[in-house]
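Trainee: Below you'll find the structure I mean.
The values are calculated or read from the model by the stated rules, or taken from the named source; none is laboratory data. Keep in mind that what you see is a predicted model, and the values were worked out from it rather than measured. Glycine gets a Cβ as well: all are built from the backbone with ideal geometry, and neighbour counts include every protein chain shown. SASA here: full protein model, heavy atoms, side chains in, ligands and nucleic acids out. Shrake-Rupley method; radii C 1.70, N 1.55, O 1.52, S 1.80 Å.
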Amino acid sequence: MGKSLAVKNEIIADLKQTLSESQLAIVIDYTGLTVAEITDLRRRLRPKGSSCQVAKNTLMRIAVEGNETWQPIQELLTGTSAFVFVQEDIGGAIKAYQEFQKVSKKTELRGGVMEGRVLKEADVKALADLPSKEQLMAQIAGAINGVATKLAVGINQVPTSIARGLKAYAEKDGDSAEVEAEAQAQPEVEPQAEAAVEAQAQPEAEAEGASA
């Protein structure tokens, strides 16, 4: 017996709500999966901020109708479909699915949709290499700490640089003072030398006068 219209509308509304909260939707062919295995997949995805929902393709088509962001998913709606909705950790969610796929060996990843674009299987797998939210936060914190450390080192070096500059200026100023002192002392020596020459010249003049 098919689902009633009310139940179908409820599923469609739930799909719309989940899509509105998601960054990425992955479509997988879940043929052969047991209820226990689907439950296991959901358990693996939950810590990554993601969920898995089984729904008929017709209901998903209705859910994305007129939605430019998610309407491209219609290209992937063939066969039996289950949808992995990724709200937070994109790389972590894909890795969780890949680990499940290795264990179950039953699912097939058809592709995904992100920001209005259809992603092929290779594209989705490439997203698995993205850092997790925790890793991004650690990288940002590390970068901020690095900048703060450089600033602190620079600030600490300012007094040292000023001190070196003052010292160099003082030494330069000291050299100038020595030169000036020598210059000032020089005139004092010259009169003494002139007096000595005059004293030596006076007896010689007197002797010449006596001879004359």
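Trainee: Once the Cα atoms of region 1-88 are picked out, what are the Rg and Dmax in Å?
Mentor: In Å, with Rg to one decimal and Dmax whole: 12.8, 37.
Trainee: What is the spin-label model distance, in nm, from Glu88 to Arg117 if the labels are put 7 Å beyond Cα along the C-beta direction?
Mentor: According to this spin-label approximation, the distance is 2.6 nm.
Trainee: Find, among the chymotrypsin sites (Phe, Trp or Tyr not before Pro) in region 84-127, those assigned to loop by DSSP (not H, G, I, E, B) with at most 11 other beta-carbon atoms within 10 angstrom.
Mentor: Within region 84-127, no chymotrypsin sites (Phe, Trp or Tyr not before Pro) qualify (loop, at most 11 other Cβ atoms within 10 Å).
Trainee: Report the local net charge at Glu108: Lys and Arg +1, Asp and Glu -1, summed over other residues whose C-beta lies under 10 Å from its C-beta.
Mentor: 0
Trainee: Would you work out if region 50-117 is rounded, prolate or oblate? Take a ≥ b ≥ c from the square roots of the eigenvalues of the alpha-carbon gyration tensor; rounded if a/c is under 1.5, else prolate when a/b is larger than b/c, oblate otherwise.
Mentor: Values: a/c = 2.26, a/b = 1.44, b/c = 1.57.
Judged from the Cα gyration tensor, region 50-117 comes out oblate (a/c at least 1.5, b/c at or above a/b).
Trainee: Now, a different point. How much of the accessible area of region 14-87, in percent, comes from carbon and sulfur atoms when a 1.4 Å probe is used?
Mentor: The nonpolar share, carbon plus sulfur, comes to 50 percent.
Trainee: Moving to a separate point now. Taking all protein chains together and a probe of 1.4 Å, list Asp40, Asp129 from the most accessible to the least accessible.
Mentor: Ranked list, largest accessible area first: Asp129, Asp40.
Trainee: Skipping prolines and chain starts, which residues have an amide H placed within reach, meaning under 5 Å, of the one on Leu24, given they are 5 or more residues away or on another chain?
Mentor: Val86
Trainee: Moving to a separate point now. So which of Lys3/Lys106; Lys8/Lys48; Lys56/Lys125; Lys3/Lys102 end up more than 30 Å apart, counting from Cα to Cα?
Mentor: Checking Cα-Cα distances, Lys3/Lys102 exceed 30 Å.
Trainee: Quick one: Karplus J couplings for region 121-129, per residue in order, coefficients 6.51, -1.76, 1.60, θ = phi - 60°, nearest Hz, x for Gly and Pro?
Mentor: Taking θ as phi minus 60°, the curve returns 4, 5, 5, 5, 5, 5, 5, 5, 7 Hz for region 121-129.
Trainee: Mind checking region 58-122 for GluC sites (Glu not before Pro) that DSSP puts in a loop (not H, G, I, E or B) and that have at most 12 other Cβ atoms within 10 Å?
Mentor: Values: sites: Glu65, Glu68, Glu75, Glu88, Glu99, Glu108, Glu115, Glu121; in loops: Glu65, Glu68, Glu88, Glu115.
Sites meeting the loop and neighbour criteria: Glu65, Glu68, Glu115.
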